[in-house]
Amino acid sequence: MNVFDLIAKEQQRQNENIELIASENFVSENVLKAVGSCLTNKYAEGYPVNRTSGSRGRYYGGCEIVNEIEEYCCDLWRKVFQTDYHVNVQPHCGSNANFAAYMSVLKPGDTILSMNLDNGAHLTHGSPVNFSGKLYHMEFYGVTPEGFIDYDDMEAKAEALQPKLILAGASAYSRIIDFERFAAVAKKVGAYFMVDMAHIAGLVAAGEHPTPFGLADIITTTTHKTLRGPRGGLIFCRPELARKVDSAVFPGSQGGPLLHVIAGKAIAAEEALQPEFKEYAHNVRVNCRAMCDEFLKMGYDVVTGGTDNHLFLLDLTKTGLSGKEVQDELDLHHITLNKNCVPQEKRSPAQTSGVRIGTAAMTTKGYGPEDFIRVAHQIDCVIRGMQKARENA
Ligand code: PLP
């Protein structure tokens with residue numbers, strides 16, 4: 001096997017396919033360059049010495065240059081979100097960021113109140129097969145029958161269960177999240193308020209979604225979705241939690257940081273600070289609305305009846321087709337998306353009754369509303385073809 005041949009094939013797939021997976025994006029050449037750089041050779045367990053958390057420095061020599069890179073990266077991300085929160089740029093991914101965030105303020109067995117997994121939460125928000133569901137006592141708030149977060153349910157459960165931490169954020173939720181309401185409830189019951197903004201972070205950075213800064217105690221994100229950076233995670237926290245968060249990342253749950261990825265995160269932050277990024281994030285939303293409206297016009301059911309962000313969920317129940325079948329058939333037509341549960345899901349998570357569609361990646365490739373409308377019709381054509389084939393079978 002020649003790995004470089006396979007990379008070339010994957011490059012071709014990425015060039016030719018219409019990429020609608022809501023959690024993916026295409027990074028710039030400069031991000032790729034940083035991630036593929038000599039920084040991958042360097043060990044640097046620990047933190048630069050002058051961190052606000054009072055770090056004891058690195059455990060290896062030769063870190064002068066990577067210290068500068070990590071500090072620069074931290075400064076940039078605080079600028080991106082216009083915040084004086086402490087930031088840790090070392091988490092290797094979003095799941096690691098969530099692991100360390102929980103570990104920083106919770107003990108195993110503590111109660112977390114998070115969004116129901118069938119309604120769009122991530123595995124690390126309490127799935128029984130994930131560390132979160134195994135280590136913590138998880139309780140869940142749900143969504144209304146239309147698919148909106150049920151804030152009254154969240155408040156009632158918070159009052160009844162007195163969780164140590166309330167979590168907002170999701171992988172498949174298409175509406176604005178009311179962080180103020182969450183923060184007020186957390187304050188009332190004396191819980192930490194954590195936001196996992198992995199999906200919407202690019203929109204938050206560009207002012208296209210309300211910010212959780214100033215409201216949440218801890219904020220985690222990935223850098224590779226709407227933020228358009230390398231695969232990785234970030235944790236922000238109120239300055240008084242800095243020491244706890246830093247030690248939960250290292251030595252709590254990781255070893256040496258991935259400095260090549262931290263350099264890529266710094267480049268992504270530089271890019272997010274450019275006026276073009278604001279325009280990009282705005283276009284992601286405009287495109288998403290245009291595509292979603294087209295599906296509604298064609299008679300499709302959309303969870304919550306629309307979208308406020310970079311994604312929406314098509315409810316395929318009335319087509320008789322499963323999300324898995326539609327995902328697989330679209331793959332054959334070079335359209336890439338993923339199956340997704342819908343509210344009150346009747347099928348298994350392996351099948352599902354819906355698909356999730358996102359516009360972040362193809363907006364990076366320059367698609368505008370007309371392009372997304374065209375793709376909506378291509379998808380409709382495939383779905384109608386599948387229905388016809390089923391009728392004739
Ligand atoms: N949090 C949310 C809301 C996500 O959607 C995801 C990934 O899709 C993650 C965390 C985990 O990120 P990673 O795949 O980098 O571990």
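At-a-glance table
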| item | result |
| --- | --- |
| Ranked order, S95, S104 - accessible area, probe 1.4 Å, largest first | S95, S104 |
| Cross-link reach list, aspartates and glutamates versus K107, counting only Cα pairs under 20 Å and skipping chain neighbours closer than eight places | E139, D196, D217, E240, D246 |
| Restricting segment 339-373 to trypsin sites (Lys or Arg not before Pro) in coil, as DSSP defines it, with at most 15 other Cβ within 10 Å | K346, K365 |
| Net lengthening on full extension, K79/T317 (0.36 nm per residue, minus Cα-Cα) | 81.3 nm |
| Fraction of antiparallel bridges per DSSP, the chain only, in percent to nearest 5 | 55 percent |
| Nonlocal amide H pairs with I176, under 5 Å, H built at 1.01 Å | D308 |
| Solvent-accessible surface (1.4 angstrom probe) belonging to V204, in square angstrom, nearest 10 | 10 Å² |
| Computed [θ] at 222 nm, helices only, for the chain once each DSSP H run of length n ≥ 4 contributes -39500 (n - 2.57) | -13000 deg cm²/dmol |
| Segment 122-181: GluC sites (Glu not before Pro) falling in loop per DSSP and having at most 12 other Cβ within 10 Å | E146 |
| Cβ-based net charge around Y300, under 14 Å, with every Lys or Arg adding one and every Asp or Glu removing one | -1 |
| Contact order relative to length of the chain, as percent, for alpha carbon pairs under 8 angstrom and 6 or more apart | 23 percent |
| Order by protection proxy (mean Cβ within 10 Å, highest first), peptides 107-113, 240-246 | 240-246, 107-113 |
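The values are calculated or read from the model by the stated rules, or taken from the named source; none is laboratory data. All of these numbers come straight from a predicted model, not from anything done at the bench. We place every Cβ from the backbone using ideal geometry, glycine too, and count neighbours over all the protein chains shown. The protein model used for the area step is the full one, side chains on, heavy atoms only, and it has no ligands, DNA or RNA in it. Shrake-Rupley method; radii C 1.70, N 1.55, O 1.52, S 1.80 Å.
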